[in-house]
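The values are calculated or read from the model by the stated rules, or taken from the named source; none is laboratory data. This is a predicted model, so every value here is computed, not measured. Every residue, glycine as well, gets a Cβ built from its backbone with ideal geometry; the counts of neighbours run over all protein chains shown. To get the accessible areas, we keep the full protein, side chains included, count just its heavy atoms, and leave off ligands, DNA and RNA. Shrake-Rupley method; radii C 1.70, N 1.55, O 1.52, S 1.80 Å.
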Amino acid sequence: VTTCFLRIQGGRVADNFEIESADFVRFRVKLGLAGNFEGAPERWFNVEDPVKLLADTVRARVREAARAQSATQILQDLPALVRQALFGEHNQLRFADNGMVLTGVDLLAVAVADGALAELFGNVQREAVSLQLQDQQARRRVESTRNRDHIDAEEHSLQRSASQRMAETSRAEATDGHTVE
C-alpha cells in the first residue's frame, strides 16, 4: 500500500545551492520557500516529488538570473534578483503540473564560496561601511557647528539688545537727573 502525506497549506522548505555570477564568482545561497496547493486534489499527486520539482525550478531560474549579473551587483541586489527571477511581475509562481503555488521566498543566507574572495568582499564591505559612518559623523559635526553658531548669534543678539536697553535706561536717568538739577 502506497501512502503519502502532503502539506497543502502553509508548507515551507529551505533549499541550499550555488549560483555563479557573470564574472565567474560562485555564491552559496539558502532560500526559504513558502507555498500551497490549489485546484483539484487529484492533480496534486501528478508529480512524484513536488519538493524536487520546486527546487529544480527555483534553482534553474535563480542561476539563470545570476549569470547575467556581476558579483558586486549580486551581493547588493540578490533578494530583488531572486524575487524577479521567480515571480516576475506576479506575486506567485504557479506549477501547472500539480497545482503547486509558490507564494513567498526569503533569502536566508548568501556567502561567497571562495574563501579568499569572501575575505576580499568582506574587507571592501567593511571599508565601505566605515567610510559611510565617517561621512555621517562629518555631516553631524557640520550640522552641530551650524546649530551652535546659530545659537551663539541668537545669544549675542539678545545680549546686545539687553545692553542697548540698559544704555537707553542710563541715558533716560541722566536726562531726568539733569532736568531735575
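How many residues are at pLDDT below 85 and either surrounded by fewer than 10 Cβ atoms within 10 Å (Cβ to Cβ) or more than 18 Å from the chain's Cα centre (by Cα) (or both) when one looks only at the stretch 125-138? Result for the stretch 125-138: 0.
For the stretch 84-102, the set of residues classified as of a type outside the set (A, V, I, L, M, F, W, C) and buried (at least 16 other Cβ atoms within 10 Å of the Cβ) consists of ASN98, GLY99, listed by residue number.
For the stretch 19-48, a residue qualifies if it is within 19 Å of LEU75 (Cβ to Cβ), of a type outside the set (Phe, Trp, Tyr) and open to solvent by 70 Å² or more (accessible area, probe 1.4 Å), and the qualifying residues are ASP23, ARG26, ARG28, LYS30. When the stretch 49-74 is filtered for residues that are modelled with pLDDT of 90 or more, open to solvent by 40 Å² or more (accessible area, probe 1.4 Å) and under 28 Å from ALA118 (Cβ atoms), the ones remaining, listed by number, are ASP56, ARG59, ALA60, ARG61, ARG63, GLU64, ARG67, ALA68, GLN69, SER70, GLN73. One residue stands out among those in the stretch 14-48 that are among the polar types (S, T, N, Q) and within 16 Å of ASP106 (Cα to Cα): the one that is modelled with the highest pLDDT, which is ASN16.
Of all residues in the stretch 38-89, those satisfying the criterion of being of a type in the set (Gly, Ala, Ser), assigned to a loop (DSSP other than H, G, I, E, B) and in contact (Cβ under 8 Å) with a residue 24 or more places away in the chain are GLY39, ALA40, ALA68, SER70.
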